[in-house]
1. To make sure I understand the rule: partners must be aspartates and glutamates, Cα under 14 Å from the Cα of residue 462, and not fewer than 8 residues away in the same chain. Which ones qualify?
2. Would you please classify the overall shape of region 104-218 from the alpha carbon gyration tensor, given that a ≥ b ≥ c denote the square roots of the eigenvalues, rounded means a/c under 1.5, and beyond that prolate means a/b larger than b/c while oblate covers the rest?
3. I'd like the accessible area for residue 335, computed on protein heavy atoms only with a 1.4 Å probe and all protein chains in place. Round to 10 Å², please.
4. At a probe radius of 1.4 Å, what is the per-residue accessible area of residue 135, in Å² to the nearest 10?
5. Is the shape of region 236-317 rounded, prolate or oblate, going by the alpha carbon gyration tensor and its root eigenvalues a ≥ b ≥ c, with a/c under 1.5 for rounded and a/b larger than b/c for prolate?
6. Report residue 425's accessible area, 1.4 Å probe, all protein chains in place, as a number in Å² to the nearest 10.
7. Using Cα pairs under 8 angstrom and six or more residues apart, how large is the relative contact order of the chain, in percent?
8. Determine which lysines satisfy two conditions relative to residue 512: a Cα distance under 19 Å, and not lying fewer than 8 residues away in the same chain.
Amino acid sequence: MHGERDTLHIGKGDFTMKKKTVIGGILGVAIVAVAGILIFTNKDRFLKEDTSGMDFTVSYEGIATKDISSGAAVHDPSIVKDEDTYYIFGSHMVGAASTDLRDWDQFGGGYTKKNSIYGDILTRNEDIFAYSGNRKSAIPTDDKKTHVWAPDVVYNPVMGKWMMYYCTTSTWNASNLCFGVSDAVDGPYEWQSALIYSGFTKKNIEDTNVLDVVDEKWVNDHYYFSGEYNYTQYPNAIDPSIFFDQDERMWMVYGSWSGGIYLLELDPATGQVIFPEADEENQVDPYFGKRLLGGGHKSIEGPYIQYDEATGYYYLFVSYGALTSDGGYQIRVFRSETVDGEYLDMNGKKPQLMDEEHKAFGLKLSGNYNLPSLALPYMATGHNSAFVDDDGKFYVVYHTRFADGTENHSPRVKQAIMNKEGWPCMLPYATDGETVSETGYDKDEVVGRYYMINQGTSISNKIAEPVIVYLTKKGNVFGEGIEGTWEMEEGTYYMNLTYGDVTYSGGFCQMKDEAGTEVMTFSAVGENKSIWGVKY
């Protein structure tokens, strides 16, 4: 033992004792022996409770289920609020509106010339699709269809306009970011200009604005590898999202797979890119901007940055995995105290350009999972946006597929409560007006039998299925193969749960499950993993 305070590890749980000055070997042995007995006795009293009446069988018998189909199919939903109505906009030129964040009325019309959101863009091929996005583009689409993906809408008070940023794309790395403006949140958005191009080669770089920003030497030294676009180090120009920072500066974060996630500043007076000076040491490119995360063509896409005044952090959400129902699609989050980073996870790390594995990086908030009251397990929960509502509640908005053998999808909105350390903890069920108690809950309200899932950190099609755990009045946690402890902070909703050598920090919240049954829940995070518990 060393230092003035040491920890003995005996099985599960940590027990401490003051270091003593030992006079002679016999006395030293006696003290250690007595200390060992005391520790064993305390452990026995603390952890060894009567578990004979605990039922660890997972059964949904008697629990109501419901399919809460939202009435809309909006992929990659990006949310914005205008007065009392919420709007989500998604890929394939569709949108939806809601007043309660659960029931959505779809609008837009898809790839039609009468699309109410995008106006006349399908008739202006010479501008919008000159480089990418349809079969007549300089780089034609692989499937000869039109591709307009991943829009994001924001109100710009400087211009007094609603602005929509989106991408046209032809191949897995040939894309173009552009934007339009509107007097109304639901459109139509009049196309303004192209912004950033990716996937170009020496044959078609003249169809881009790249050489207006950097010279040919920079292009040859950086953007090409063996004569082709250097996609492992530079981005695919899709999935833009726009936000204002604390100082009302306007930014665009974007990127998908390829060279990772990038950040560029925008001019709020024009909506155009403010191209930065090159700073290779800090991974700032003069055309594409600053690389925040990823690279090496690992799965990372759908970036969205949300500032939370209550915690003082910028939260960078991304999705890992492939977007199909069996592709392991999932939501991860990093955070930073400054708008341009560094964005780090719970372990103080982030995926770098040459990392072989990236599943260990980023707090995994949601993947594939099953819970009581769900008609089907949820699959491929991902490509999210986020917002802080007028009442200070923090929400995460995403699309989910289902374990039904199809690629059908539906938007979902969940409230995320912040743990004591300022990390978001998504609540288990779609929001239905719940409000977490800032003064906490009585112990009798929260002890009991829970269905608990652990999201882990894997990127796979595996479904996180619930196990039964008991939170006891003595502060113990018991489940099949699970033994640990839990505690709550009086006067707050904060709670901790420790098992398997990981401490998860989060909170309790009374809410309704997706069938409308009132349940006590907890959500907590630790070492980039999320656990959810539901008490019936």
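1. 326
2. Values: a/c = 2.44, a/b = 1.43, b/c = 1.70.
Oblate shape, in that a/c is at least 1.5 and b/c is the bigger or equal ratio.
3. About 40 Å², ignoring ligands and nucleic acids.
4. The value for residue 135 is about 150 Å².
5. Working: a/c = 1.63, a/b = 1.19, b/c = 1.37.
It is oblate, given that a/c is not under 1.5 and a/b is not larger than b/c.
6. 0
7. Numbers: 1395 pairs, mean separation 58.6, N = 536.
Over the chain, the number comes to 11 percent.
8. 66, 393, 414, 535
The values are calculated or read from the model by the stated rules, or taken from the named source; none is laboratory data. All figures in this text were calculated on a predicted structure; none of them were measured in a lab. Don't worry about glycine lacking a Cβ; one is built from the backbone with ideal geometry, like all the others, and counts go over all protein chains shown. With ligands, DNA and RNA removed, areas are computed over all heavy atoms of the protein, side chains included. Shrake-Rupley method; radii C 1.70, N 1.55, O 1.52, S 1.80 Å.
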